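Colleague: Here it is, the structure in full.
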Amino acid sequence: MHPIHVKKTAAPAPSRREFLIGAAATVGVFVLGTYIPFTKRAFAQEGSGMAKGVYDPNVFLKIGADNTVTLLSKHFDMGQGTPTGLATMVAEELEADWSSMRIEFAPNNAKLYNNLAFGPVMGTGGSTATTEAWEQMRQVGAAARMMFVTAAAEQWQVPAADITVRKGVLRHAASGKTAMFGELADAAMRVPVPTDVPLKAPKDWMLIGTKLPRLDSLDKTTGKAVYALDIRRPGMLTAVVKHPELFGASVASFDSTETMKIDGVVEVVQIPTGVAVLAKDTWSAIRGRNMLKVTWETSQAETRSTADIFAEYRDLAGKPGAQALRRGDATAGLQRAAKTIEAEFTVPYLTHAPMEPLNATLELRSDGAEMWSGCQLKTFDEAALATILELKPEQIKIHTLYGGGSFGRRGSFTQPGSPVGDWVIELAGIVKAIKGRAPVHLVWTREDDIKGGFYRPMALHKVRAGVDAKGHIAGWQHTTVSKSIVMGTAFEPMVVKDGVDATAVEGIADTPYAIDALSVDWHNVTTPVPVLWMRSVGHSHTAFVMESMLDDLAHLAKKDPLAFRLGLLAQQPRAAAVVKLAAEKAGWTHALPKGRGRGLAYHHSFNTRVAMVAEVSVKGKTITVDRIVAAVDCGIAVNPDVIEAQIQGAIGFTLSAVLRNQITLNKGMVEQNNFYDYEPTRMREMPKVEVHIVKSVERPTGIGEPGVPPVAPSIGNAIFAATGKRLRHLPLTL
């Protein structure tokens, strides 16, 4: 997901004051058993008052007497490895021993732990974590190292310049004095916060750019890692919610007589989005829900089937929409074209289907509330909980836990009062309904989420494009129809411009290809079906359309698809380099046997460039993806191993949607249920994957999502190469 990913400017280097307020106000404190209100000390040095309410644990670093260095990660981990990357940046400048590094999740406090790309919001998403924290985390480590050096110099009565630090050991060569971090922690935390500490030159990096082991692997592979499903609180009740089968329906009445006869069921309460059954355990709650009789009010509900909705989309696509881009005169260009193609592409609703079902625990106290959850947007969850529970935001404490997958789903952002609520809002509503007399663990079963969750919007693209007599693109008219993800939410002012949701046309309206005559329109549609960002957001379908059409145009121009793209990327050297690298490593010019095909796709998203070459085999109607070669330019590769894993994971994640998965409606009801009919990619289905990372000195850019967009078009183009048949729908079926 990426809540405000349209803000693609790099985070500026902080000034000294910003360092104290936003970034280095959190700079290292070396704590032996307790936290220190470091922000207060920092502001005292700055000579200004401390912001009210900034008294929480407020540091990024804890260094113990045992020399362990613990980073309080402001970013959540849902499997992507971000905390390890942040720890790498800190350890590099701190000169810490990697084996001593640990990670914990920071508490919810947007004043201290805000995502610098999002503004005053604590959140993880949009492939922003590494790039937004790139300077900040290194400054944290550098400032902390300087504090240790200063403390050692004072104790040893030697010049600070003569002290070296390596793998957590401070050393003064002339006197032979040495000390480890733990020995100096107490003295170091009394040293004034340094400012303007020089960062290491890239040639001196020892950790950045190396394949360091992830810090969470051992806990996750031994079962020690704690997820929200592991939480148990004294007296806790488990809740499940009966949602309407039709989106937009609401509770008219309900009868819980039979439900209350189920052993373990404690209470049944109505909330804005359905009826919640509370029990002593999950199984009892589900059994009780099965016995619940609810009458739904359906006058505002969606009752159409998928084909009916696409018919509406098709009708809209024939009309002028909101203008997302006008580059040159596409109409005039097409009138002059020697050859043209007009095509319609369709992509379905998709669901995130994380491996760990959605769940969270909330406990109301006399002085506030605590929630245990794996959530991407803590600031929004904090605000929603405070509103519903009628508390102040600072009275909400969120314990961040590992998330068993997300792909954007744990970044839901509906607001209190919305007819469709996410699990956090429902949880608060349930706790409020029972007046907080017990902690409540809300569980959405996988069926709950697949049949009644939030979806990647279905979309229809209508494209008319053509080439001139020389095989150059003469004009390109592109109309997209989909439901806006952000309109009607707090993100609308940041993402919507001139009536266009940027997430609906990204990858088209900002294409790096040199197309001189390009027009892009967009139609928003109204339906109660809730939509949400999914990994790579709009790029997940715009790349499929752009790269399929480019392949068509190359064929129309009788040009090699590789050469055709390179001609359009002549002014984009980094993009061209990525495309060339993927083609070279894939053996682009080597012929494949009959029945096999090779397809190329390139896409630029989240400031990262990715090209893929897919090889497929086609036998009858069976498509097998044999191999995918990827080339990636994401700037400086902080941890190449994590980057490679992200691309591999993106291919596995996307493959199921490319080849089979979709969410369809039958008279308004979702037809899919669980992994048996919405099946994730199996290990046996994974193609051979090769990842090649471009060496770079540029600032790191996103990597969590850019691996998704090129997967579908590279496979589609490979099928075309193998069969001569162009597939313009997802999933790809012959």
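The values are calculated or read from the model by the stated rules, or taken from the named source; none is laboratory data. It should be emphasised that the depicted structure is a prediction, and the values quoted were computed from it without experimental measurement. Cβ atoms come from the backbone with ideal geometry, glycine included; neighbour counts cover every protein chain shown. The accessibility values were calculated without ligands, DNA or RNA, using every heavy atom of the protein model including side chains. Shrake-Rupley method; radii C 1.70, N 1.55, O 1.52, S 1.80 Å.
Colleague: Taking a 1.4 Å probe, which of His555, His539 shows the most accessible area, and what order do the others take after it?
Modeller: His555, His539
Colleague: Follow-up question, since we're still on this one. Using amide H atoms built 1.01 Å from N in the peptide plane, name the residues 5+ places from Thr511, or on other chains, whose amide H lies under 5 Å from its own.
Modeller: Placed amide hydrogens put nothing under 5 Å from Thr511.
Colleague: Rounded to a whole number, what % of the accessible area of the stretch 392-478 do carbon and sulfur atoms account for, probe 1.4 Å?
Modeller: Whole-percent figure for carbon plus sulfur exposure: 54.
Colleague: Shifting gears a bit: For labels at Val158 and Lys220 in the simple 7 Å Cα→Cβ model, what's the distance in nm?
Modeller: 4.1
Colleague: If each DSSP helix of 4+ residues adds -39,500 (n - 2.57) and the sum is divided by the residues in the chain, what number results at 222 nm, nearest 500 deg cm²/dmol?
Modeller: -8500 deg cm²/dmol
Colleague: State, as an integer percentage, the relative contact order of the stretch 474-555 based on alpha-carbon contacts under 8 Å between residues 6 or more apart.
Modeller: On the way: 86 pairs, mean separation 32.7, N = 82.
Reported as a whole number, the value is 40 percent.
Colleague: Right, next: Arg574 to Asp315: extension gain in nm, 0.36 nm per residue of separation minus the Cα-Cα distance?
Modeller: 89.3 nm
Colleague: Going down the list Lys470/Lys688; Lys483/Lys695; Lys261/Lys451; Lys462/Lys558; Lys558/Lys621, which pairs span over 29 Å between their C-alpha atoms?
Modeller: Lys470/Lys688; Lys483/Lys695
Colleague: Let me have the relative contact order for the chain, percent, based on Cα pairs under 8 Å that are six or more residues apart.
Modeller: It comes to 14 percent, rounded to a whole number.
Colleague: Can you compute the modelled spin-label distance between Thr387 and Ala201, with each label point 7 Å from Cα toward Cβ, in nm?
Modeller: The two pseudo-label positions are separated by 5.3 nm.
Colleague: Can you work out the FRET efficiency for the pair Arg437 and Ser253, with r the C-beta to C-beta distance and R0 = 35 Å, to the nearest 0.05? Before the final figure, lay out each step's value.
Modeller: Values: r = 25 Å, r/R0 = 0.72.
After rounding, the FRET efficiency stands at 0.90.
Colleague: How much FRET efficiency would the formula 1/(1 + (r/R0)^6) give for Asp230 and Lys177, where r is the Cβ-Cβ distance and R0 is 35 Å, rounded to 0.05?
Modeller: 0.15
Colleague: For Trp283 and Glu245, FRET efficiency with R0 = 22 Å and r from the beta-carbon atoms, rounded to 0.05?
Modeller: E between Glu245 and Trp283, to the nearest 0.05, is 0.50.
Colleague: Using a basic spin-label model with each label point 7 Å from the Cα along Cα→Cβ, how many nm lie between Lys585 and Met669?
Modeller: 4.8
Colleague: To the nearest 20 debye, what is the magnitude of the charge dipole of the stretch 291-365 about its Cα centre, counting +1 on the Cβ of each Lys and Arg and -1 on the Cβ of each Asp and Glu?
Modeller: About 360 debye.
Colleague: Under 5 Å between amide hydrogens, which residues at least 5 positions from Asn639 or on another chain qualify, with H placed 1.01 Å from N in the peptide plane?
Modeller: So Asn639 has HN proximity to Gly209.
Colleague: So for the stretch 390-520: antiparallel DSSP bridges make up what percent, rounded to the nearest 5?
Modeller: Around 80 percent antiparallel, to the nearest 5.
Colleague: Can you tell me, using C-alpha contacts under 8 Å and at least 6 residues apart, the relative contact order of the stretch 639-734 as a whole percent?
Modeller: 43
Colleague: Another question, if that's okay. So if I restrict to the alpha-carbon atoms in the stretch 558-665, what is the Rg, and what is Dmax, the biggest pairwise distance, in Å?
Modeller: Rg and Dmax of the stretch 558-665, Cα atoms, are 15.3, 44 Å.
Colleague: Next question, about the same structure. How large is ³J(HN,Hα), in whole Hz, for each residue of the stretch 678-691 in order, when computed from phi with the Karplus curve 6.51 cos²θ - 1.76 cosθ + 1.60 and θ = phi - 60°, using x for Gly and Pro?
Modeller: Per-residue couplings from phi come out as 9, 8, x, 4, 8, 4, 5, 8, 5, x, 5, 10, 10, 10 Hz.
Colleague: In whole percent, and with a 1.4 Å probe on the protein chains, what portion of the accessible area of the stretch 547-596 is carbon and sulfur?
Modeller: 56
Colleague: Right, another one. Evaluate the charge dipole of the chain about its Cα centre and quote only its size in Debye, nearest 20, assuming +1 on the Cβ of each Lys and Arg and -1 on the Cβ of each Asp and Glu.
Modeller: 1240
Colleague: Rank Pro348, Ala369, Gly318 by how far each Cα sits towards the positive end of the charge dipole of the stretch 317-400 (+1 on Lys, Arg Cβ; -1 on Asp, Glu Cβ) and give me just the farthest.
Modeller: Value: Gly318.
Colleague: Pop out the carbon and sulfur fraction of the accessible area of the stretch 159-227 as a percent, whole number, probe 1.4 Å.
Modeller: Here it works out to 57 percent.
Colleague: Another one. Using just the alpha carbons, could you tell me how many Å³ per residue the convex hull of the stretch 74-127 encloses?
Modeller: About 92 Å³ per residue, rounded to a whole number.
Colleague: If we count every other residue with Cβ under 12 angstrom of Glu312's Cβ, Lys/Arg +1 and Asp/Glu -1, where does the sum land?
Modeller: Around Glu312, the charge tally is +1.
Colleague: Please work out how much accessible surface Ser99 shows to a 1.4 Å probe, ignoring ligands, DNA and RNA, in Å² rounded to 10.
Modeller: Approximately 80 Å² of Ser99 is accessible to the 1.4 Å probe.
Colleague: Would you mind checking the pairs Lys392/Lys435; Lys62/Lys220; Lys62/Lys397; Lys200/Lys585 and listing those with alpha carbons more than 28 angstrom apart?
Modeller: Lys200/Lys585
Colleague: Same structure again: Take every DSSP beta bridge with both residues inside the chain and express the antiparallel ones as a percent of the total, to the nearest 5.
Modeller: 75
Colleague: Per residue, how much accessible area does the chain have with a 1.4 Å probe, in Å²?
Modeller: Result: 39 Å² per residue.
Colleague: While we're on this one: Tell me which of Ala252, Thr282, Ile271 sits at the most positive position along the dipole axis of the stretch 246-315, charges placed on C-beta atoms (Lys, Arg +1; Asp, Glu -1).
Modeller: Result: Thr282, furthest along the dipole toward the positive end.
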